[in-house]
Structures are given as C-alpha cells and as structure tokens.
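K.L.:
Shown below is the structure under consideration.
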There are 2 protein chains.
Amino acid sequence: MSAPEALDAAAGEVRLGMLDGVVGYLLRRAQIAVFEDFGRRFQALDLTPAQFSALVAIQENPGRRQSDIAAALGVQRPNFVALMDGLERRGLAERLRSGADRRANALALTRAGRELLDRALGAQAEQETAIRAALGGEAERRRLVETLARLSRL
Amino acid sequence: MSAPEALDAAAGEVRLGMLDGVVGYLLRRAQIAVFEDFGRRFQALDLTPAQFSALVAIQENPGRRQSDIAAALGVQRPNFVALMDGLERRGLAERLRSGADRRANALALTRAGRELLDRALGAQAEQETAIRAALGGEAERRRLVETLARLSRL
DNA sequence: GGTTTTGGTTATATTTCATAACTAAAACCG
DNA sequence: CGGTTTTAGTTATGAAATATAACCAAAACC
C-alpha cells in the first residue's frame, strides 16, 4: 500500500492566491509596514503612534476632558490612563483641574510637550513625504487619505 | 492671584487636527473598521482573519512546509503552531509527513476545510462588495488594493 | 561520524485591548 | 434639602496578539 500521509512540498515561492486582492489583508500588511517605518522615524523622539496621536489631540483641544480625548482616539478610558501617566511622567502633558467639574481632568500640553510635538510633526511630515514618493505623487496620497476615511465608516 | 491649574473645557466635538491627514493613523482606523466588519461576517463560520488567511495560503500551496506558510503570512513560527493546532483540532487542516524531510510538516486542507473555505470565500466576496460600494466603485477598490500593496513595501 | 543547521515545538515575556468594580463628585428629583 | 442615580477617572484583571530563547529530532555539512 502507498504511505497514506506523505506529501512532497512544491518548490519556489509561496503564493498567497486571492489574499492579495483582499482589502482587509492588505490593510493589515500595509499598517505593519507603515508602523514599522514610524518606529524608525520616531525612535529618537521615543514616541509610539498612540502617544503621538494623543499629543496631537491634546494640543488641538486644550482643556478637554480626558475621556473626551480618549473617545475621540478610539481608546478605552482605562487604557488611556496609563498612556497619560507616561506623558505626564515625562513632563509632556499634564492633568489640570477642570474649573467646572472637579471630577474631570482637563488635559493640556506642557511647553516641553509642545516642543517635542513640533519635532514629531516634522518627522511625521517626512513620513508622509516618503509615502507620497512610494505612491507616485501627492494626488495618490490624497486619494488614499480620502479612501481610508471612507473605509473607517464601513 | 488666579488659581493656577484650573482650565475650562471647550464644548462641541473633539477635533483631531492634522491626524485626519496622516496615512498611518487612518490606516489604523480603517483596519479596525474592516476587521470589525469581518468579525460580523465570519461570526457564523467562527474564523478569525488569521485563520482565514492561513486556510487560503494552505489551499493555495498544498504540501508546503509549515514554516514556509507562516513566513509568507508574516507570522512567527512559534505563533503559527497554536494557529495550526486550532485548525487541526477542528478538522479543517492537517499536518502530513513530508516525504523528503521527516522534520517538516506538509500542510493540507481536509475536505471539511475546503468546504468551510468555500463558504468563507463567499463571505469574503461579500465584504469586498461592501467595500466597493463604500468606495464608490470597483475602480476605486482596485486602486486601493494597488496602493496598499505599494505601501506594504515601504 | 562528529559538528552545525534547520523545522517544529515549548515556555515565556511584552504589548495591546477589553471588562468589571471602585471612588469621588456631580446631576437628578421627589 | 437628602437620597438615588449617573459620570470621570482609576485600579485590577483577563484575553489576545506578538516576539524571543531554548529544546529535540532530523537533516545538512565536511
């Protein structure tokens, strides 16, 4: 009788088949690549994507309640606590007392936070430039931005 | 003197500022939305995105070594073990002996695995249809696929 | 035939993300 | 007013994804 479970592997590249036409799969791969690039660019600033987005949101909405910022970024309130702890410990952001509601934290950037964010915005602009180059032009990058915004409302 | 740390929150919506022009941030949000949609569509099939992609890769490359499939999907070999354990326990895929190399597992789908994958491909096609609708047409979806593929080579 | 390398596995640490429960302060309401 | 309910922030905790080191058996090397 033939050995029932023996199979010989094919040679050459593994083909992903229809996966490379699947938006969800490609989104995951693209996000990994872009975040790895982010990691390299922001290494010197010691900022994660989450921290960077928090700094931007706080600067854009000074005095807003912590939970508002967290919700806008799509992060659970309990998880945002540690994020803010880190920013505060490094002196980049602070939790002020809200005048109206003594339970609430009114978030704001410190001077050091604004300065670091300025440098971060520079690094971010460089990433967008790299993306523009990879995609073949600013028109393509803009189209991607628009398309991704639509997708997130799926 | 004025109370130094009191700040009143602005009303209205939190603005994300330049974040909604940042590809990395938008990629993250879009991926979350698409994966949540995936979760709803594949709930009945009880398949995660990782499991789905593994089934596709195995069917596309029957007999290939486990580590080749894992590498092609970008998943670490140790982490692929548990994924395969799950598929095998459910009778969807199997680890056959490689004829050439007795260390290697030659992966293959079972009949049940092929049947489930058939249904999964249907659900997947429906997701692409929904995406096409959200983006305004197949041309837009195609462009997105092409753009994401470029991004993952950043 | 002994050494080195490789495929799969185990164990483990880290990170991310979600949920329940607690406190203090506010809002509500008869 | 005073009691109940809701809300902001926090703590504790768990689940899931991801990465690393170490091991065994089989192969490749020389």
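K.L.:
How far is A:Val75 from itself in the other copies, in nm, if each label sits 7 Å out from Cα along the Cα-Cβ line, shortest first?
P.N.:
So the label point of A:Val75 gives 2.7 nm to the other copies.
K.L.:
A further question follows. Give me the distance between the Cα centres of the stretch B:3-72 and the stretch B:97-120, rounded to whole Å.
P.N.:
Using only Cα atoms, the two centres lie 27 Å from each other.
K.L.:
I'd like the FRET efficiency for B:Glu138 and B:Ala71, computed as 1/(1 + (r/R0)^6) with the beta carbon distance as r and R0 of 30 Å, rounded to 0.05.
P.N.:
0.40
K.L.:
Considering just Cα atoms, how many Å³ per residue does the convex hull of chain B enclose?
P.N.:
209 Å³
K.L.:
Now, a different point. Once label points are set 7 Å from the Cα along Cα→Cβ at both B:Arg111 and B:Arg15, what is their separation, rounded to one decimal in nm?
P.N.:
Taking the two extended label points, one gets 6.4 nm.
K.L.:
Another question, if that's okay. Ignoring GluC sites (Glu not before Pro) that are buried or in helix or strand per DSSP, and keeping those with at most 14 other beta carbon atoms within 10 Å, what is the longest stretch of chain B between them?
P.N.:
B:14-154
K.L.:
Run through all the Cα pairs of the stretch A:48-123 and give the fraction in each 5 Å bin from 0, expressed as whole percent.
P.N.:
3, 17, 31, 28, 15, 5, 1, 0
K.L.:
When only C-alpha pairs under 8 Å and at least 6 residues apart count, what is the relative contact order of the stretch B:1-103, in percent?
P.N.:
Relative contact order for the stretch B:1-103 comes out at 14 percent.
K.L.:
OK, next. Counting only other chains, what is the mean number of Cβ atoms within 10 angstrom of the Cβ of each residue in peptide A:125-136? Don't skip to the end; give the middle numbers.
P.N.:
Working: counts 2, 0, 4, 5, 0, 2, 7, 1, 1, 6, 6, 2.
Average neighbour count from other chains, rounded to a whole number: 3.
K.L.:
Could you name the residue in chain A with the C-beta closest to the rotation axis that superposes chain A on chain B, along with the separation in whole Å?
P.N.:
That would be A:Gln31, 3, residue then distance in Å.
K.L.:
Using the alpha carbon gyration tensor of the protein assembly as shown, what are the three equivalent-ellipsoid semi-axes (square root of 5 times each eigenvalue), largest first, in whole Å? Don't skip to the end; give the middle numbers.
P.N.:
Working: eigenvalues 392, 85, 72 Å².
They are 44, 21, 19 Å, listed largest first.
K.L.:
Can you list, shortest first and in nm, the gaps between the label point of A:Gly17 and those of its counterparts in the other copies, using a point 7 Å from Cα in the C-beta direction?
P.N.:
Relative to the other copies, A:Gly17 has label-point distances of 4.7 nm.
K.L.:
Under a plain spin-label model, where a point goes 7 Å from the Cα along Cα-to-Cβ, how far apart in nm are B:Glu126 and A:Arg89?
P.N.:
4.6 nm
K.L.:
Hey, another quick one. Within chain A, which is the longest segment containing none of the trypsin sites (Lys or Arg not before Pro) that sit in a DSSP loop and have at most 12 other Cβ atoms within 10 Å? Each step should come with its number before you reach the end.
P.N.:
Working: sites that count: A:Arg102, A:Arg103, A:Arg153.
Here the longest segment lacking exposed loop sites spans A:1-101.
K.L.:
To continue, here is another question. What number, rounded to the nearest 500 deg cm²/dmol, is the helix-based mean residue ellipticity at 222 nm of chain A, given -39500 (n - 2.57) per DSSP H run of at least four residues and division by all its residues?
P.N.:
Helix-only estimate at 222 nm: -19500 deg cm²/dmol.
K.L.:
Across the residues of B:35-47, average count of Cβ atoms on other protein chains within 10 Å? Walk me through the intermediate numbers first.
P.N.:
Numbers: counts 3, 1, 3, 3, 0, 0, 0, 0, 0, 0, 0, 0, 0.
Mean number of neighbouring Cβ atoms from other chains: 1.
K.L.:
Label-to-label distances across copies for B:Glu146, with labels 7 Å out along Cα→Cβ, in nm, shortest first?
P.N.:
Sorted ascending, the copy-to-copy spacings read 1.6 nm.
K.L.:
Within the protein assembly as shown, what percent of beta bridges assigned by DSSP are antiparallel, to the nearest 5? Intermediate values should be presented prior to the final figure.
P.N.:
Numbers: 12 of 16 bridges.
Of the beta bridges lying entirely in the protein assembly as shown, close to 75 percent run antiparallel.
K.L.:
Same structure, new question: Got the relative contact order for the stretch A:48-123 handy, in percent, Cα pairs under 8 Å and 6 or more residues apart?
P.N.:
Value for the stretch A:48-123: 35 percent.
Only the coordinates and a few stated rules stand behind these numbers; no lab work does. All values reported here derive from a predicted model rather than from experimental measurement. Cβ sites come from the backbone with ideal geometry, for glycine too, and all protein chains shown count toward neighbours.
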